[in-house]
Each structure stands twice: as structure tokens, then as C-alpha cells.
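Let me begin by presenting the structure, written as C-alpha cells, before commenting on it.
The values are calculated or read from the model by the stated rules, or taken from the named source; none is laboratory data. Treat the numbers as computed from the prediction; the structure is a model and nothing was measured. Quick reminder, even Gly has a Cβ in these numbers, built from the backbone with ideal geometry, and neighbours come from all protein chains shown. SASA here: full protein model, heavy atoms, side chains in, ligands and nucleic acids out. Shrake-Rupley method; radii C 1.70, N 1.55, O 1.52, S 1.80 Å.
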Amino acid sequence: MGCVCMITFNNVSLIYPHSLQTVFEDLSFTIEEGEMVLVIGATGSGKSSLLRLINGLVPHHTGGILAGDITVDGISTSLTKPGGLAHLIGIVGQNPAHGFVTDTVEEELVFGMEALNFAPDVMRKRVEEILDLLSLAQLRSRSIATLSGGEQQRVAIGSALVMHPKVLVLDEPTSALDPIAAEEVLSILHRLVHDLGLTVVISEHKLERVIGFADRIIAISAEGKAEIDIPEEILKKSPIAPPIVHLARALNLDSVGTSVREVRRMTTHLRDFTPLVAQSESATGESVVEIEKISHIYGEKLALREVSLNFKSGEITAVMGRNGAGKSTLFKSIVGFHKATGGKIRILGQDPTELKGRQRLSTIGFIPQEPSDLLIHSSVSKECAASDHDNALEEGSTFAFLTRMTPTVNPEAHPRDLSEGQRLSLVLALILCSAPDVLVMDEPTRGLDYQAKSLLVDTLVSYSRNLGKCVLIATHDVELVAEVADRVVFLADGDVVADGPTLDVLLSSPAFAPQVAKVMSPAPWLTVTDALRGIAEATGKDLPS
Amino acid sequence: MKRTFHPLTWWCGAIAIAIAVSVAHNTAFNLAVVGGMCFIVYQINRNAIDQSPWSRGLWFALKIAAIIIVIRTLIGIAIGVPIPGNTLFELPIVDLPEWMAGIRIGGAITQERLTFAFAEGVQIATLICIFAAATSLTSPHRLLRQMPVFIYEFGVALVIATSVLPQLVTSATRIKSAQRMRGIQRRGWAGVALPLLEESLARSLDLAAAMDSRGYGYCRNRSRYRREKILLHDLSVVLSAIALIPFSWVVFA
């Protein structure tokens, strides 16, 4: 055949112990050397399992029965333990912080080489090489715990690359990163593929970020079947697709493009008229959260510097900014988790640190970064019953709220066994059933697929519009902001650097502009719906949908 | 210039100072030593680019030391051998059964007895602070890496086990505060235990998987990236600490 097959899956089926359903059924594909392959699928479809099959963590580490054969560079993974493939395959898990073994960057880089008994001079050479390649030289003696998310991700990639693997496997490498840090990590990967001929297998929910880099896509369907093909073919029909593809479909273009440039070229005929400049309307609600010159200091680090903001009812505000810009600190101050070092916060005239019990529940709803922190009971129905009790609601009202969002949830299931999307709906139901005046969410879309995200969007929009409540979300997800937010506050280094209607703030910075806006620029449309409506208004006719 | 010390420097120094303190057994000297240690830790860690969780060890130990001194003094007042001298006040004597002869609860509290109990408390507290200062200056993880090869594997295992501890504390605080925000206050630690257990299990599985796929334990032998050299400033720290021993011998004994 002449092809250099790096990874071969031969009739692979997988079933986990205590499970009646196979994760994969008769999977066969090959990945060539120097390819960058993207794995897509809904949450729970087995993306992580597929990635971990490559180096044998599944089933050697997790248990389960594997039928068929997987070979990587000619070595069968069913016969070799993951440790024996350490020199061949580098794997970076979903949360790199969980995989760090040592304290400092340099020690982390050498950990794998020490384990495989490399000679000290080889190690020293390779460490320098990786420090340069990933621009980590300045961080070499830093303690890992103090690095930002993007830096940690780079260290994790570095400690995999230092072994000179032929295959690099990454599970959602950018999901926790802000758009700029994500871009940085992805361009490094792209360079590695092109310069070193590395084979990269990557999974990611935020397709808009990675789609441009992928050579081929493996799409896993709910039935455990997988399809591998070039992005254009897969995206033609896949329900999981980035906004740019939805736009192409909605506009009935002949083919779908994977990059902004391509789609821009395909849509020149749609942009040759002057679009109506949309008037951004500001919310007219009463002000719910009043923040006056708050500052917060951790030790010697200033996290917030005299921030003054005002949030109104019926308004969804997205707080954006780099990792460590002060988003979480601001939110913690708003929900009264800590008293800010200076300034004052009032929620409907009350000090959030003094709110207690039911009064707190009906004033502030807070959903932390790990929503499961709030779940303490052993079944969905018990969680809902506890919430009814806490909020003095009629029995069953929380569960009714939940089923309105996700009708299929099983009341007897353990909250930990739910899918990410269902778990988020459960937490939303627990918090929203008491109808708090302010809903505060920290990074809600981490690990959510498009389906779960659209559920979140619907819930938030109806909560804010129909009930006239104030919603605040901190997020890196530009596409979510475009869909849901009325207003964007941009924080940098503890300061508010931009504050205004979503349209103005997102369009003013190319790094934070959503894909549709980039394609349709200069027309001020952020989402597919915006674009369709805008085109229809401007041309006076509806596009067939 | 950023100067790093050999991992053994501060620990050897701490041992020498601890010996000096035991030899001297003098409250003023003890307090001076603790003061000196605080100064050194502050000076060195102030300039560090980042603070590892261990570097706060001394401040934590100081709090514990204060508690120890208070407890030791209280016990010294309540229980113990009578020391004659300037009586400050009298406590009623508790009648104890005959077989507990030699122990007395209550009685006359003399100034001497109080000073003695206080000095004992300070002595224990000083020893704790000395080693806490060494921990603040050198992370125990760096120390463990200096272990000879035959216990090196054990050392690495220990390092991994102990790195989880600070994370556990962080997660527990995070979960507790999240639940407080949901208005859950009365459930206390039971509510934290379940998410915490789940998280630490998931974390250790993740860690084990990461280590496994990076070849940990796959080879029989393990190489070492860097041997740290003992430099002049390391020697001077250790030697001056050792010099404290004869000094305290001559002055206080």
C-alpha cells in the first residue's frame, strides 16, 4: 500500500466491566504517520476511551474486555502494558493538573525519562530542547501549582514530548483555556506535526478551535460506530459541528468549509450589500448587583483593582478575560464567599456576606466550576427532595423543573452516573427552583458538548428574559457568549478593560470574535441566527432553511 | 543573584541548632533562635518567585507552638511535682487514690513552678519551629530526592503520596464553600466527605494512569537527572549552625 500506518485498529470492540452495552462495536481504521486526527462525538460516546485504547490504558488500567487488535508502530497494545509504550506514545489527560507527579517544571519534564533509566546527559539535552520548543525556559524552576492553565498544559505536553514519542494523544487540551492560550497550544501542536512528523490524536468539544488543524476526523456515533474521513465529508452531515459549518448549511452553500477563509470566499455574494447596523439595546431593568470600587488582594497579589460595575435584572452578562484575570475573585466577592479587601458590594441593597439560609437561596444562586461540588445525596430524587425542603417548595417541584429541561433523566440514578449535560441540568434545577435574583456561573461549559450547551443557552435565556433575573457567567467560550450574553465585561489583570453590549465588545477584538462574525465581517452578526435574520432583512427575502 | 541551597543544608543546620538548643536549655536563647529562624525564612522566601505550599510551614508551626506553650503551662500549673519558692496562689488539691501516689493535682502554684512549665513549653515549641523552618526553606520533596538509590523508589512513592495532601485540603475548602453558597450549612463534614472522596478517587486514578503511561515502575533501574552539589554557602550555613553547639555549651551550661 505504501502508506506508513502508525496506528491500526482492527475490528475493535470494547465493553467495560459491569456494563451491558459495548462502547465500540467492530471499529476498524488506520492513522498514518504525521497525521493530525480529531476525535468527535457527544459526551459519553467514548472519545476518552478511544484515546486511551491507543496506549493500552484501556483495558490494562480500567478493566474491560477488548476484542480485535490495536497496533501502534507495529506493537500490539493488548500484549504490551502502557509503561512499555511510554517511549512511543505520549498521552496528555483531560485535566493535566491531575497527572502531575512532581513539584517543579524541570522535575516534571524528567520524570518519565528517569523512570525509563535514561542517561543523565541525554536527559539534560532533551530538557533544554523541550524548554525551547515549548517556550518554557523561563518557567523551568517554577512550582507547577502556581502556573496558569495554559502554562500547565504546555508543561504536560512537554513532559510527553521529552520522551520523543511518535504518537501524541491529547484529551480535550484546550477546554480549560482562554481563546488565546488555546491558540498557542494548538499552534505548537500544528508545528510539531509539520516539523517533526509527529502523529497527533486529539479530542475536543470546542470544534471551532481545532477544526482548522485537523487532517481527518473520527466521528463516533451513539451506537459505538465510528467513521473516519476528511473534515469536509464528516461535517457535511455530522450533528456535531462548529458554528461555521452550521452557517454554511443554513446558507445552503454547496460545500462546508473548515476555516474562516474558505467560508468567507464562499459567501462573497452574500456580503456585497450594506448590512443594516443593528442597534444594540441596553437593558432597562432595575439594578440588582451594585459593585463600588472593590479591590481584592491575595497575599501580595492584587487580584481586583477598584472595580465598579452594575448589573441589571433581565440582563445576561458574560465576564471574560485570561486565566487569572480576576473573574473568579470577582464572582466570589459577589456571592459573598469572601469579603473584598476594599470597596462594597450590594445585592438588592444587602451585603452578600451576611445573607444566610433561605434568604440567601432566594437572592443568590451560585454554580461553581465543578458543579458536582453541590451534589451530596445518593440519587437524583433525593437531591431534588432536599432542595424542595431547603427552599420550602411543594414536594416534587424541583424534579418537575428538572424534567422540563431534560425529560429523560432517571430519578433513581446516582448523580455521579449522569452525563455531564444531565448533571449540569440537575444542578441548574437545584439552584433555579428557588428563583434567585442573581444567578452566578463560573465556567459552565467545560466538558459540555454542543447539545448540552444549547440546553444551557435555552435555560439561561428563558430564566433571564421571562423571569427578569440577573445572570452572570464567567467563561472562555466565545461562541456561548455570542449566543447568550447581552453584555460583556472584559477583565485583564484585575481591571475592567471593556464593558459594553456583546456585539461591540466581541467585534472589537479578533481573538474574541466568534466564527460567524469573522466570516460575515464587516456585518455585525455574531451567530447563525443573527446572520440569517440580517441577510433576510437586507435582501428582503427569506432564505430557504 | 538567585542562590539555591543544597536540600540537605537547612536540614543539617536544623539538626545542629536543635542540639545547641537542647544543650543550652535557656528560654532567652530559645526565643532568640526562633526569632533568627523567622528572619532567615522571611528573607529567603520573600525573594522566591513563587511560594510552594510548604514554604508557609513555619507560620503554621508558630501557631502550633503558641498553643503548645499555653497547654504545657496550663498542665504545669494543674499537675506536677511541687517546687518550693515564692507562692503566687493556691489551688485546691484533688484527692487521688492511693496507688497514684507521687502525682498531685492542684496545690500551691509557685513562681518557680510557673517559670519551669513555661520554659519546658518553649523548649518543645522551639524544636518544632526549627524543623518547620527547615521545611519552609527546603521542600521535603527535594530532600527525599537526595535519598540513596536503594531507597530512592520508596522516596518517590512517598513524594507522590504526600503531594496529594495539600490538594485534598484545597478541594475540601472549595467544596465546603460551594455548599455554603447553596445554603447547606448544617450538614457539615458529612456533605463534604462524599464529593471529596469521589474527587480524590478520581484524582488518584488519573495520577496512576498518568504515571503508568509515562513508564513509572516499568524499568528495574531508575536514573537520576541531577545531583546537587554542595557549595560554599551550604557549608557556611551548616558550619555556623554547628558552631552554635560549643557556644551554647560554654555560655549556658
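Facing chain B (nearest Cβ under 10 Å), at pLDDT 90 or above and under 18 Å from the mean Cα position of the chain (by Cα), is that true of residue A:110?
no
Scan region A:188-207 residue by residue and report those that are more than 29 Å from residue A:20 (Cβ to Cβ), of a type outside the set (Asp, Glu) and open to solvent by less than 40 Å² (accessible area, probe 1.4 Å).
Listed by number, the residues that qualify are A:188, A:189, A:192, A:193, A:197, A:198, A:199, A:200, A:202, A:206, A:207.
Checking residue B:239 against (1) under 30 Å from residue B:172 (Cβ atoms); (2) out of contact with any Leu (no Cβ under 9 Å at 6 or more places or on another chain), only one condition comes out false. Which one?
Every condition holds for residue B:239 apart from (1).
Can you spot a residue in region A:453-471 that is under 18 Å from residue A:206 (Cβ atoms) and within 14 Å of chain B (Cβ to nearest Cβ)?
Checked against the condition, which is being under 18 Å from residue A:206 (Cβ atoms) and within 14 Å of chain B (Cβ to nearest Cβ), region A:453-471 yields no hits at all.
What's the total number of residues in region A:333-376 that are surrounded by fewer than 16 Cβ atoms within 10 Å (Cβ to Cβ), at the interface with chain B (Cβ under 10 Å from one of its Cβ atoms) and either touching a strand residue (DSSP E or B) at 6+ places or on another chain (Cβ under 8 Å) or free of Cβ contacts under 8 Å to residues at least 24 places away in the same chain (or both)?
4
Could you grab me the full set of residues in region B:164-188 that are modelled with pLDDT under 75, among the polar types (S, T, N, Q) and either in contact with a Leu (Cβ under 9 Å, 6 or more places away or on another chain) or not in a helix (DSSP H, G or I) (or both)?
Once the filter is applied, which keeps residues that are modelled with pLDDT under 75, among the polar types (S, T, N, Q) and either in contact with a Leu (Cβ under 9 Å, 6 or more places away or on another chain) or not in a helix (DSSP H, G or I) (or both), region B:164-188 yields only B:185.
Output the number of the condition that residue B:66 fails; it satisfies all remaining conditions of (1) small (Gly, Ala, Ser); (2) buried (at least 17 other Cβ atoms within 10 Å of the Cβ); (3) within 20 Å of the chain's Cα centre (by Cα).
Looking at each condition in turn, residue B:66 falls short on (2).
For region A:242-259, how many residues are surrounded by 19 or more Cβ atoms within 10 Å (Cβ to Cβ) and either within 21 Å of residue A:202 (Cα to Cα) or touching a strand residue (DSSP E or B) at 6+ places or on another chain (Cβ under 7 Å) (or both)?
6
Would you check which residues across region B:189-236 are closer than 23 Å to residue A:141 by Cβ, more than 7 Å from chain A (Cβ to nearest Cβ) and modelled with pLDDT under 80 and list them?
Those that are closer than 23 Å to residue A:141 by Cβ, more than 7 Å from chain A (Cβ to nearest Cβ) and modelled with pLDDT under 80: B:226, B:227, B:228, B:229.
From (1) touching a Leu at 6+ places or on another chain (Cβ under 8 Å); (2) facing chain B (nearest Cβ under 10 Å); (3) modelled with pLDDT under 90; (4) not in a loop (DSSP other than H, G, I, E, B), pick out the condition that doesn't hold for residue A:159.
(3)
So, in region B:96-151, exactly how many residues are among the acidic types (Asp, Glu), more than 20 Å from the chain's Cα centre (by Cα) and modelled with pLDDT of 80 or more?
Residues meeting the conditions: 1.
Kindly evaluate residue A:474 against the criterion of being in contact (Cβ under 8 Å) with a residue 60 or more places away in the chain and open to solvent by 10 Å² or more (accessible area, probe 1.4 Å).
no
Report yes if residue A:439 is in a helix (DSSP H, G or I), assigned by TED's automatic domain parsing to the domain that holds residue A:372, crowded, with 21+ Cβ neighbours inside 10 Å and not aromatic (Phe, Trp, Tyr), otherwise no.
no
Can you pull out the residues in region A:389-421 that are in a helix (DSSP H, G or I), in contact (Cβ under 8 Å) with a residue 60 or more places away in the chain and either outside the structural domain of residue A:378 (by TED's automatic domain parsing) or open to solvent by 40 Å² or more (accessible area, probe 1.4 Å) (or both)?
Answer for region A:389-421, where residues must be in a helix (DSSP H, G or I), in contact (Cβ under 8 Å) with a residue 60 or more places away in the chain and either outside the structural domain of residue A:378 (by TED's automatic domain parsing) or open to solvent by 40 Å² or more (accessible area, probe 1.4 Å) (or both): just A:420.
If you check residue A:137 against the conditions, is it at the interface with another protein chain (Cβ under 8 Å from one of its Cβ atoms) and modelled with pLDDT of 90 or more?
Here the answer is no, as residue A:137 does not meet what is asked.
Any chance region A:460-468 includes a residue that's at pLDDT 90 or above, under 18 Å from the mean Cα position of the chain (by Cα) and either open to solvent by 10 Å² or more (accessible area, probe 1.4 Å) or assigned by TED's automatic domain parsing to the domain that holds residue A:358 (or both)?
Yes: region A:460-468 contains one or more residues that are at pLDDT 90 or above, under 18 Å from the mean Cα position of the chain (by Cα) and either open to solvent by 10 Å² or more (accessible area, probe 1.4 Å) or assigned by TED's automatic domain parsing to the domain that holds residue A:358 (or both).
If you check residue A:506 against the conditions, is it within 25 Å of residue A:44 (Cα to Cα) and open to solvent by less than 10 Å² (accessible area, probe 1.4 Å)?
no
For (1) in a helix (DSSP H, G or I); (2) within 14 Å of chain B (Cβ to nearest Cβ), each residue gets a yes or a no:
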position: A:67; (1), (2): no, no
position: A:71; (1), (2): no, no
position: A:78; (1), (2): no, no
position: A:83; (1), (2): yes, yes
position: A:87; (1), (2): no, yes
position: A:94; (1), (2): no, yes
position: A:102; (1), (2): no, yes
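Tally the residues that are of a type outside the set (A, V, I, L, M, F, W, C) and either touching a Cys at 6+ places or on another chain (Cβ under 6 Å) or without any contact (Cβ under 8 Å) to a residue 60 or more places away in the chain (or both), restricting the search to region B:116-140.
Counting residues in region B:116-140 that are of a type outside the set (A, V, I, L, M, F, W, C) and either touching a Cys at 6+ places or on another chain (Cβ under 6 Å) or without any contact (Cβ under 8 Å) to a residue 60 or more places away in the chain (or both) gives 2.
What residue, among those in region A:208-241 that are β-branched (Val, Ile, Thr), part of a helix (DSSP H, G or I) and in contact with a helix residue (DSSP H, G or I) (Cβ under 9 Å, 6 or more places away or on another chain), is surrounded by the fewest Cβ atoms within 10 Å (Cβ to Cβ)?
Among those residues, the one meeting the criterion is A:211.
Might you let me know whether region A:140-150 holds any residue that is in contact with a helix residue (DSSP H, G or I) (Cβ under 8 Å, 6 or more places away or on another chain), within 13 Å of chain B (Cβ to nearest Cβ), open to solvent by less than 20 Å² (accessible area, probe 1.4 Å) and of a type in the set (Val, Ile, Thr)?
So far as region A:140-150 goes, yes, one or more of its residues are in contact with a helix residue (DSSP H, G or I) (Cβ under 8 Å, 6 or more places away or on another chain), within 13 Å of chain B (Cβ to nearest Cβ), open to solvent by less than 20 Å² (accessible area, probe 1.4 Å) and of a type in the set (Val, Ile, Thr).
Give region A:309-328 a look and list any residue that's in contact with a Gly (Cβ under 8 Å, 6 or more places away or on another chain) and either over 13 Å from residue A:438 (Cα atoms) or open to solvent by less than 60 Å² (accessible area, probe 1.4 Å) (or both), or say none.
Once the filter is applied, which keeps residues that are in contact with a Gly (Cβ under 8 Å, 6 or more places away or on another chain) and either over 13 Å from residue A:438 (Cα atoms) or open to solvent by less than 60 Å² (accessible area, probe 1.4 Å) (or both), region A:309-328 yields A:313, A:314, A:315, A:323, A:325, A:326, A:327.
Filter region A:179-229 down to the residues that are among the small types (Gly, Ala, Ser) and under 15 Å from residue A:157 (Cα atoms) and list them by number.
Within region A:179-229, A:181, A:182, A:187, A:203 qualify.
Here is a check on your reading of the model: is residue B:99 free of Cβ contacts under 8 Å to residues at least 60 places away in the same chain, farther than 23 Å from residue B:243 by Cα and either in contact with a Leu (Cβ under 6 Å, 6 or more places away or on another chain) or of a type in the set (Phe, Trp, Tyr) (or both)?
Taking the combined requirement at face value, the residue satisfies it.
Can you name every residue in region A:113-133 that is within 34 Å of the chain's Cα centre (by Cα), within 8 Å of chain B (Cβ to nearest Cβ) and not hydrophobic (A, V, I, L, M, F, W, C)?
Selection gives A:114 alone.
With the structure loaded, tell me whether residue A:127 is surrounded by 19 or more Cβ atoms within 10 Å (Cβ to Cβ), assigned by TED's automatic domain parsing to the domain that holds residue A:52, over 18 Å from residue B:211 (Cα atoms) and of a type in the set (A, V, I, L, M, F, W, C) or whether it fails that test.
Criteria met by residue A:127.
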